[in-house]
Amino acid sequence: MRHLKKGQSLFEVVLALFVITLIIVAVVILSTNSISNSISSRNKTLASKYTQEAIEWLRKQKEVDFVSFKSYITSNSTYCLRATLDWNFPGNCSSSENIGTTIFRREASFVSEINDGKTLITAHVATSWDDSKGTHEARTVTYFTDTRDQ
């Protein structure tokens, strides 16, 4: 008569624990990646919003008084555009010059040229931020002309 063993062997228990551990590790890795991607996507969206906000402010400055607007633009000029959008911070942003209490820095650089007697100003606006994966930015380029010349 054959004797039947009841229960699991030590090998079966170790194998089951190994499989369960692999599943738990995979779930943790997927969750971590998902959270990281979500945060990265949120930061990209916010940076794009801050960049667009600066473009709209520049457009308004140009529409109110093109001569004053043009006076801030030298041949190649850059401004750090903090939370209060103004012309008070010429030059590149330092690592501590963020938009308010956020992690974002916003800069606008300009190139002015004259074509056929008309001024063309090219504005490059970039909002950047740093995280564990490096430095990222949302960038846009806009062209301004004096609409009174039209």
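The table below gives the values:
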item: Dipole moment magnitude, nearest 20 debye, the stretch 52-130 about Cα centre, only Lys, Arg, Asp, Glu C-beta charged; result: 60 debye
item: Overall form of the stretch 1-85 per C-alpha gyration tensor (a/c, 1.5; a/b vs b/c); result: prolate
item: Virtual spin-label span in nm between Asp130 and Val14, 7 Å along Cα→Cβ; result: 4.8 nm
item: The stretch 11-149, relative contact order [Cα under 8 Å, separation at least 6], %; result: 20 percent
item: 0 to 90° range, to nearest 10: angle between helix 10-64 axis and the chain longest Cα axis; result: 10 degrees
item: Estimated FRET transfer efficiency when R0 is 35 angstrom, pair Thr45-Trp87 (beta carbons, to 0.05); result: 0.80
item: Cα centroid separation, the stretch 93-150 to the stretch 47-67 (Å); result: 10 Å
item: For volume of the Cα convex hull per residue in Å³, calculated from these coordinates, the label among (i) 170; (ii) 107; (iii) 131; result: (i)
item: Within the stretch 114-132, backbone nitrogen closer than 11 Å to the virtual label 7 Å beyond the Cα of Thr102 toward Cβ; result: 127-129
item: Separation of the Glu63 and Ile24 label points, Cα + 7 Å toward Cβ, nm; result: 6.0 nm
item: Virtual spin-label span in nm between Asn37 and Gln52, 7 Å along Cα→Cβ; result: 2.3 nm
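The numbers here are math on the coordinates, done by the rules we state, and not lab data. Owing to the predicted nature of the structure, the values given are computational and were not obtained by experimental measurement. Positions of Cβ are generated from backbone atoms using ideal geometry, with glycine treated the same way; all protein chains shown enter the neighbour counts.
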